[in-house]
Amino acid sequence: MSGTGLALPLLIGSGVYAAWSDLRFRRLPNAMTMSVAMLGLVVAAIEAGPASVIGNLLHVLAALTGGLGLYALGVIGGGDVKYYAAVSAWFGIDSWAYLLAGVSLAGLLLASFWIAMSRLSGRGVQADPDSDFAKIPFGLAIATGAVVAAWVAP
């Protein structure tokens, strides 16, 4: 993603909504993730031409494959997998490392903050492990990392 025109504001706007939904409800709705993916592919086609969409689709497939592996291991949730794959539609396959690094860094900062706040509040990392609200809202890290990647990716 080149970050020109409306691409970056649209990515930020969709990220704000996804982060809010994940923080508020611990849900990343299917309709939202599908919209983010389709919008990313349309923006790619407009900015870089229809042929560029192939690289973006390859990135989506790679992200989905890797994410499903992490989901099978219980590392991340299904909503996180689909949202990361949707966000990857905004980036060509040649920018995969920028997106992964941005999301990983944002995730590390979020997890560190989450653990510190849990300990400071005295409730432990997972006071009620069955509650969705005991889980880290990783959609926030995905949205933040995507915006960072959009600024730094060539």
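Every read-out reported here was derived from the displayed coordinates using simple, explicitly stated rules and does not represent laboratory data. Because the structure is predicted, anything quoted here is derived from the model rather than measured. Positions of Cβ are generated from backbone atoms using ideal geometry, with glycine treated the same way; all protein chains shown enter the neighbour counts.
Report the relative contact order of segment 7-152, percent, no decimals, based on alpha-carbon pairs under 8 angstrom and at least 6 residues apart.
Contact order relative to length: 32 percent.
Under 5 Å between amide H atoms, partner at least 5 residues away or on a different chain: which partners does I136 have, H built in plane at 1.01 Å?
none
With unit charges on the beta carbon (Lys/Arg positive, Asp/Glu negative), name the residue among I54, G78, A134 whose Cα is farthest towards the positive pole of the charge dipole of the chain.
A134
Quick one: 3J(HN,Hα) in Hz for segment 31-40, Karplus 6.51/-1.76/1.60 with θ = phi - 60°, rounded, Gly and Pro as x.
With the stated coefficients, segment 31-40 comes to 4, 5, 5, 5, 5, 4, 5, 5, 4, x Hz.
List, in order, the whole-Hz ³J(HN,Hα) value for each residue of segment 141-154 obtained from phi through the Karplus relation with A = 6.51, B = -1.76, C = 1.60 and θ = phi - 60°; use x for Gly and Pro.
Values per residue, Gly and Pro as x: 5, 5, 5, 5, x, 5, 5, 4, 4, 5, 6, 9, 5, x Hz.
Between the alpha-carbon centers of segment 1-74 and segment 88-118, tell me the distance in whole angstrom.
13 Å
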